Amino acid sequence: MADKSGSNTMWGGRFATGPDALMQAINASIDFDKRLAAEDIAASRAHAAMLGATGIVSDTDVAAIREGLLTVLSEIEAGDFVFSRELEDIHMNVESRLRELIGTAAGRLHTARSRNDQVATDFRLWVRGQCDAAIDGLTELMRALLAQAEAGADMVMPGFTHLQVAQPVTWGHHMLAYVEMLDRDRGRFRDARARMNESPLGAAALAGTSFPIDRETTAQALGFDRPMANSLDAVSDRDFALEFLSAAAITATHLSRFAEELVIWSTAQFRFVSLSDRFSTGSSIMPQKKNPDAAELIRAKPGRINGALVALLTVMKGLPLAYSKDMQEDKEQVFDAADSLMIALAAMAGMASDVVPQAERMHAAAAAGFSTATDLADWLVRRLGLPFREAHHVTGALVKRAEAKGVDLHELTLGEMQSEHPGITREVYDVLGVENSVASRMSYGGTAPEQVRAQAARWRAALA
């Protein structure tokens, strides 16, 4: 049933009656876009100052508007503000309260702007802030991983391919791999931030305005590099939100990969790490359990964040220029993705700081599984001059022999080794130890402790 209470005062005289209650329910966004209150008020204060500086609105009214907006912000921050669904969104809620505070002068605030450029500005400011927060969160996690790398530069562990033991590496090398990945994530957020740092404010509904506004001034006041150059693009663009979600999704994938390793490593079958009680839970029925729930929840976060990215891509894919109400569906998934990312970053930083690698267990695992087979093949190439393919074949035969005996390579006798190639000497046992193996990987970016320390020192300087 239609609401007969009269027209919506924000829409003016075009409508004889108010909207149906169901229309109000689907149309209102205040339940979620109230998160943009601080950005909305900051943009409105910048807009009001510009209206005064250009002589469009009197200095008296501008002063009342700007002071009144601070009062509204303080009420919101104190939890004293009553949000109204009837007023649809954060913009109308703020303006309505401003009118109650300062009277008719509040009506001049919306001169030379539209809710279209208003929400585009607010949302862009909010996402820009989330990029900064994500960069900070990534940096803290990188510092925690770097500390682990420095402490474990010599700590041998198995490296895996296909989750099968491949070659020995060091704990420090493994931790620095994630530092590199997370730094690329920081770069993506920085790049996205740089591209989004243009101001839509002043584009008005879609075509600009006939008022003599100064868009450079409002852009500068809000920390933007410049105004957006096309008013149609300014109100219809949501690339900034998509780029944020894309960067967030890749970051969440990296966090999930590390979380998966922590889950695996903390099992009784691996026992490579001990997780702190702070980021573990127990079982209601099995008293022995210590579950890596924080890691498992981080592992699940890409589901939400990837979903948000796909959802917004789907919303935007068929929209003609300029603004359509579909774009109201741009915020909830971005808010949720940002929340999910930030709690995952914080939790992972805590876990990375607390995790205790079990050096003896990892060393034993690194020494098993024929992890030095490649070192043996390389030795055959270097010392005996074999082509690598022949060395690979000889080594494979020795692995098969050792596997049949139930021993590791270094436990084969010299005679057994020479049965596969007579040129093998006792020197071969020097390369079959895992410490010798990792120490030999001196190529740039390799796992040798000397290389790990050099990379760690580089990162320590960079993160300072």
Report task. Would you check if Asp122 is farther than 20 Å from Ile76 by Cβ and under 32 Å from the mean Cα position of the chain (by Cα)? Result -> no
**Report entry** Number of positions in segment 279-313 that are open to solvent by less than 30 Å² (accessible area, probe 1.4 Å) and of a type outside the set (S, T, N, Q)
**Finding:** 8
Requested in this report: Mind listing just one residue for me: the one in segment 55-108 that is open to solvent by 50 Å² or more (accessible area, probe 1.4 Å) and acidic (Asp, Glu) and, of those, nearest to the chain's Cα centre (by Cα)?
Outcome: Glu77
Query raised in the report: Taking helices (runs of 4 or more DSSP H) that fall entirely within segment 22-91, which contain at least 2 residues that are modelled with pLDDT of 95 or more?
Result: 37-53, 59-78
Report summary line: When Glu420 is run through (1) more than 30 Å from Phe240 (Cβ to Cβ); (2) in a helix (DSSP H, G or I); (3) open to solvent by 60 Å² or more (accessible area, probe 1.4 Å), the failure sits at (2)
Requested in this report: Within segment 403-412, identify whether any single residue is at positive phi and loosely packed, with under 13 Cβ neighbours inside 10 Å, and answer yes or no.
Outcome: yes
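To keep it simple, each residue is scored yes or no on (1) under 18 Å from Leu313 (Cα atoms); (2) under 17 Å from the mean Cα position of the chain (by Cα); (3) not polar (S, T, N, Q).
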{"residue": "Ser231", "(1), (2), (3)": "no, no, no"}
{"residue": "Asp237", "(1), (2), (3)": "yes, no, yes"}
{"residue": "Phe240", "(1), (2), (3)": "yes, yes, yes"}
{"residue": "Phe244", "(1), (2), (3)": "yes, yes, yes"}
{"residue": "Ser256", "(1), (2), (3)": "no, yes, no"}
{"residue": "Glu261", "(1), (2), (3)": "no, no, yes"}
{"residue": "Ile264", "(1), (2), (3)": "no, no, yes"}
Query raised in the report: Pick from segment 423-438 the residues that are farther than 16 Å from Ala166 by Cα and in a helix (DSSP H, G or I): which of them is nearest to the chain's Cα centre (by Cα)?
Result: Asp430
Query raised in the report: Looking at (1) in the same structural domain as Thr161 (by the TED database); (2) crowded, with 22+ Cβ neighbours inside 10 Å; (3) touching a strand residue (DSSP E or B) at 6+ places or on another chain (Cβ under 6 Å), which is the one condition that is false for Ser371?
Result: (1)
Requested in this report: Could you grab the pairs with beta carbons closer than 7 Å, sequence gap of 6+ or different chains, first residue in segment 403-431 and over 20 Å from Arg382 (Cβ atoms) and in the same structural domain as His393 (by the TED database), second one modelled with pLDDT of 90 or more and in a helix (DSSP H, G or I)?
Outcome: Glu416/Arg401
Report task. Name every residue in segment 339-368 that is of a type in the set (A, V, I, L, M) and under 17 Å from the mean Cα position of the chain (by Cα), in order of residue number. Result -> Leu341, Met342, Ile343, Ala344, Leu345, Ala346, Ala347, Met348, Ala349, Met351, Ala352
**Report entry** Output for segment 136-158, where each listed residue is hydrophobic (A, V, I, L, M, F, W, C), within 18 Å of Ala259 (Cα to Cα), part of a helix (DSSP H, G or I) and touching a strand residue (DSSP E or B) at 6+ places or on another chain (Cβ under 9 Å)
**Finding:** Ala149
Query raised in the report: If you check Arg99 against the conditions, is it among the basic types (Lys, Arg), part of a helix (DSSP H, G or I) and assigned by the TED database to the domain that holds Glu198?
Result: no
Report task. Only residues that are in a helix (DSSP H, G or I) and either under 21 Å from Gly52 (Cβ atoms) or touching a Gly at 6+ places or on another chain (Cβ under 9 Å) (or both): list them for segment 102-121, please. Result -> Ile102, Gly103, Thr104, Ala105, Ala106, Gly107, Arg108, Asp117, Gln118, Thr121
Report summary line: Within segment 144-164, residues in contact with a helix residue (DSSP H, G or I) (Cβ under 6 Å, 6 or more places away or on another chain) and of a type outside the set (S, T, N, Q) come out as Ala144, Leu145, Leu146, Ala149, Glu150, Gly152, Ala153, Asp154, Met155, Val156, Met157, Pro158
Requested in this report: Look at Leu125 and say whether it is modelled with pLDDT of 95 or more, assigned by the TED database to the domain that holds Leu36 and under 15 Å from Ile41 (Cα atoms).
Outcome: no
**Report entry** Tally, over segment 326-361, of residues that are within 22 Å of Ile30 (Cα to Cα) and without any contact (Cβ under 8 Å) to a residue 40 or more places away in the chain
**Finding:** 4
Requested in this report: Identify all residues within segment 152-181 that are of a type in the set (Gly, Ala, Ser) and more than 18 Å from Tyr444 (Cα to Cα); write none if there are none.
Outcome: Gly152, Ala166
Requested in this report: Sort out for me the helices (runs of 4 or more DSSP H) sitting completely within segment 289-384 that have 1 or more residues that are touching a Ser or Thr at 6+ places or on another chain (Cβ under 8 Å).
Outcome: 293-316, 331-354, 373-384
Query raised in the report: Name the pairs: first residue in segment 273-300 and over 26 Å from Pro158 (Cβ atoms), second residue charged (D, E, K, R) and in a loop (DSSP other than H, G, I, E, B), Cβ to Cβ under 9 Å, at least 6 apart or on different chains?
Result: Asp277/Lys290; Thr281/Lys289; Thr281/Lys290; Gly282/Lys289; Gly282/Lys290; Ser283/Lys289; Ser283/Lys290
Report task. Please work out if Ala241 is in contact with a Pro (Cβ under 8 Å, 6 or more places away or on another chain) and either aliphatic (A, V, I, L, M) or under 15 Å from Ala120 (Cα atoms) (or both). Result -> no
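The values are calculated or read from the model by the stated rules, or taken from the named source; none is laboratory data. Quick caveat: nothing in here was measured; it's all calculated off a predicted structure. Reconstructed Cβ throughout: ideal geometry from the backbone, glycine too, with neighbour counts over all protein chains shown. Side chains are part of the model used for accessible areas, which takes the heavy atoms of the whole protein and leaves out ligands, DNA and RNA. Shrake-Rupley method; radii C 1.70, N 1.55, O 1.52, S 1.80 Å.
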